[in-house]
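Here's the structure, in structure tokens; my notes come after.
The values are calculated or read from the model by the stated rules, or taken from the named source; none is laboratory data. If you're wondering where the values come from, they're calculated on a predicted model, not measured in any experiment. A quick note on method: Cβ atoms are made from the backbone with ideal geometry, for glycine too, and the neighbour counts reach across all protein chains shown. The accessibility values were calculated without ligands, DNA or RNA, using every heavy atom of the protein model including side chains. Shrake-Rupley method; radii C 1.70, N 1.55, O 1.52, S 1.80 Å.
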Amino acid sequence: LVRVARYHGFDGWLINIECELHPAKAYIPHLLHFLAHLRARMREVCGSHAAVIWYDAVTTEGHLRWQNSLTSLNYPFLDVSDGLFLNYHWKSETPAEVAAVAGSRACDVYMGVDVHGRGTFGGGKTACDVALLAARMSGV
């Protein structure tokens, strides 16, 4: 992945795994190690601007369960990556809660918005700005 990024001039990778990983004890430690290694190698080869972002889908228990927030089940992925892209099905209070949990890494958490409006705060479509403003005002 690092060679592909360097060759094609990518700035990084969004890693989105949307399947169950069982047994979790066998897969999750390796996945966390992979993310940390990919992050380090991307910076080494592509520069300090390179980023590895994890998508909120698989939990540390190996379940495919979107958290729609920053929780103990997805925080370890933020620990080993440059950012966490949250699923879009969050509520009005979620950005402030995420900012509080993330602390100094609040700017590394990205709030998903579904422009089709499938369960996204604000309703999506022409009202995407409602969700974007909520996230922006909370510092995430």
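So which residues in region 45-59 are touching a residue at least 12 places away in the same chain (Cβ under 8 Å), open to solvent by 40 Å² or more (accessible area, probe 1.4 Å) and part of a loop (DSSP other than H, G, I, E, B), if there are any at all?
Selection gives His49 alone.
Quick check: is even one residue across region 85-92 surrounded by 14 or more Cβ atoms within 10 Å (Cβ to Cβ), within 22 Å of Ala5 (Cβ to Cβ) and either out of contact with any strand residue (DSSP E or B) (no Cβ under 8 Å at 6 or more places or on another chain) or of a type outside the set (Gly, Ala, Ser) (or both)?
Yes: one or more hits.
Count, please, the residues in region 96-111 that happen to be open to solvent by less than 70 Å² (accessible area, probe 1.4 Å), touching a strand residue (DSSP E or B) at 6+ places or on another chain (Cβ under 9 Å) and either farther than 16 Å from Trp66 by Cβ or in a strand (DSSP E or B) (or both).
Selection size over region 96-111: 6.
Could you list, in sequence order, the residues of region 1-44 that are crowded, with 18+ Cβ neighbours inside 10 Å and over 13 Å from His63 (Cα atoms)?
Hits for region 1-44 are Val2, Ala5, Gly12, Trp13, Ile15, Leu31, Leu35, Leu38, Arg39, Met42.
State all residues of region 125-140 that are without any contact (Cβ under 8 Å) to a residue 12 or more places away in the chain, more than 25 Å from Pro76 (Cα to Cα) and either surrounded by 17 or more Cβ atoms within 10 Å (Cβ to Cβ) or not hydroxyl-bearing (Ser, Thr, Tyr) (or both); if no residue qualifies, say none.
Passing the criteria: Lys125, Ala127, Asp129, Val130, Leu133.
Is there a residue in region 7-21 that is of a type in the set (Gly, Ala, Ser), in contact with a Lys or Arg (Cβ under 8 Å, 6 or more places away or on another chain), under 24 Å from Leu132 (Cα atoms) and in contact (Cβ under 8 Å) with a residue 60 or more places away in the chain?
No; the residues of region 7-21 include none that is of a type in the set (Gly, Ala, Ser), in contact with a Lys or Arg (Cβ under 8 Å, 6 or more places away or on another chain), under 24 Å from Leu132 (Cα atoms) and in contact (Cβ under 8 Å) with a residue 60 or more places away in the chain.
Give me the pairs, please: first residue somewhere in region 64-76 and on the phi > 0 side of the Ramachandran plot and of a type outside the set (Ser, Thr, Tyr), second residue anywhere and in a loop (DSSP other than H, G, I, E, B) and open to solvent by 40 Å² or more (accessible area, probe 1.4 Å), beta-carbon distance under 6 Å, and either six or more positions apart or on two chains.
Note: pairs meeting the criteria are Asn68/His89.
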